[in-house]
Amino acid sequence: MDSLFPESYDSSRARFLRDVELVRAKWPSSRLETHPLKNFPDLSIDWLWAEPRKKENLVIITTAEHGIEGYVGSAMLKIFMDEFAPQLNPENTGVLLVHTINPWGMKHHRKVNENSVDLNRNFVYKDFDEKINPEFKELGYLLTPQRPARAFFLESLSFWGRVIRALTTSGISRVSTATLLGQHHTPKGFYYGGTQYEEGTSVLMELYRKALEDYEMVIQIDIHTGYGPRNQMSIIIPPVDPIASKDAAEKFKYPLVQKINPEEFYAINGDMGEYYYLLRNDQFPLKNIFICGFEFGTVGDSLPARIRSLRAMVFENQLHWNGAVSEIAANAIRHEFKELYFPADEEWRTKAIADCKRAFTGILSAYNLLLQ
């Protein structure tokens with residue numbers, strides 16, 4: 001099982017490039033394309049177009065929009081290539097497999113890219129609005145401490161004190177929105193969506209447009225980790241999709257489906273899936289799409305677990321911009337951050353694999369894409 005989960009960007013990429021040949025056996029006209037990063041040419045976004053003889057259906061799998069989440073994403077992409085791609089009909093169904101939207105982040109075990117931009121807050125459909133989420137600035141004392149990180153225990157005491165202050169003065173709802181929505185005004189804050197499209201964003205936008213131009217039906221699954229119940233993957237759907245969560249759960253025969261809104265999951269500004277729907281609605285209204293994410297919960301969804309997740313985000317961002325008083329303190333922060341997005345626990349990984357297979361089966365079966 002552990003061999004499914006790579007330990008480095010380089011080993012993950014090497015495996016993807018090797019396995020492309022297995023997919024090519026089913027789709028002989030498939031082609032591999034690569035986009036080296038302009039400022040880091042040793043890192044690249046790689047994707048495989050496996051095109052059918054008749055372009056009716058396309059299944060897209062994307063990974064590492066949040067770089068560090070690409071390690072779990074790589075495992076699930078491998079599962080799809082090994083077990084589910086062979087069950088598709090190459091006559092009318094193709095695949096677009098994207099390895100590592102954010103290779104710099106994956107290489108350096110960060111969520112953000114080389115410009116400290118969160119790509120899942122960068123898919124803004126029209127205008128970047130710097131006025132969005134003023135609460136993030138208001139909670140700067142909690143979210144963006146401007147000093148080196150101290151010993152983990154001492155830093156945690158300070159953090160919990162700030163959390164209590166924030167919850168008391170602002171309330172859970174405002175704190176949650178401030179921390180998760182995304183923002184375009186504080187470059188040294190996390191969930192920063194930037195003020196222009198990033199390189200990886202632009203590459204994916206071109207791929208999505210090409211898919212809508214060529215295919216009648218597009219299904220996209222984007223792999224994420226970190227949020228939700230521990231040991232339970234959620235299927236998350238952009239709010240613009242008209243299907244209700246309950247109906248989607250029944251349709252896909254999957255126990256946990258959530259819409260990306262404050263009531264069920266949380267709101268996101270600049271979400272990649274929502275961008276795809278808006279593009280379809282605006283420019284390709286006759287095309288059919290279903291866009292979702294697989295979100296593998298790690299620490300849990302209770303209030304203490306959510307605060308622990310926030311702590312990992314705050315500390316990692318603090319470490320990046322301000323450093324730490326010692327390497328011991330820095331390593332403790334890195335360890336917690338990695339466990340939030342790439343848990344080492346064998347039980348967690350086993351359940352994640354099972355959930356992924358169940359969800360792949362449910363979605364592909366619901367759209368009649370699996371050969372009988």
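Taking segment 261-275 as the range and being closer than 22 Å to residue 233 by Cβ, in a loop (DSSP other than H, G, I, E, B) and either outside the structural domain of residue 352 (by TED's automatic domain parsing) or in contact with a Phe, Trp or Tyr (Cβ under 7 Å, 6 or more places away or on another chain) (or both) as the test, only 271 passes. For residue 291, the criteria (1) within 30 Å of residue 351 (Cα to Cα); (2) among the aliphatic types (A, V, I, L, M); (3) out of contact with any Pro (no Cβ under 7 Å at 6 or more places or on another chain) hold in every case but one, which is (3). Residue count for segment 1-41 under the criterion of being farther than 22 Å from residue 94 by Cβ, without any contact (Cβ under 8 Å) to a residue 40 or more places away in the chain and touching a Ser or Thr at 6+ places or on another chain (Cβ under 8 Å): the result is 1. Residues in segment 1-23 that are surrounded by fewer than 18 Cβ atoms within 10 Å (Cβ to Cβ) and not in a helix (DSSP H, G or I): 1, 7, 8. The single condition from (1) buried (at least 20 other Cβ atoms within 10 Å of the Cβ); (2) out of contact with any strand residue (DSSP E or B) (no Cβ under 8 Å at 6 or more places or on another chain) that residue 41 fails is (1). Selection over segment 276-304 of residues that are not aliphatic (A, V, I, L, M) and not in a loop (DSSP other than H, G, I, E, B) gives a count of 15. Between 358, 334, the distinction of being under 21 Å from residue 257 (Cα atoms) and either touching a residue at least 40 places away in the same chain (Cβ under 8 Å) or crowded, with 18+ Cβ neighbours inside 10 Å (or both) belongs to 358 only.
Only one of the listed residues (252, 284) is modelled with pLDDT of 95 or more, in contact with a helix residue (DSSP H, G or I) (Cβ under 6 Å, 6 or more places away or on another chain) and either surrounded by 21 or more Cβ atoms within 10 Å (Cβ to Cβ) or of a type in the set (Asp, Glu) (or both). That residue is 252.
Among the residues making up segment 350-372, those that are assigned to a helix (DSSP H, G or I) and either under 17 Å from the mean Cα position of the chain (by Cα) or among the polar types (S, T, N, Q) (or both) are 350, 352, 353, 355, 356, 359, 360, 361, 365.
The values are calculated or read from the model by the stated rules, or taken from the named source; none is laboratory data. All of these numbers come straight from a predicted model, not from anything done at the bench. All Cβ positions, glycine included, derive from the backbone under ideal geometry; neighbour counts span all protein chains shown.
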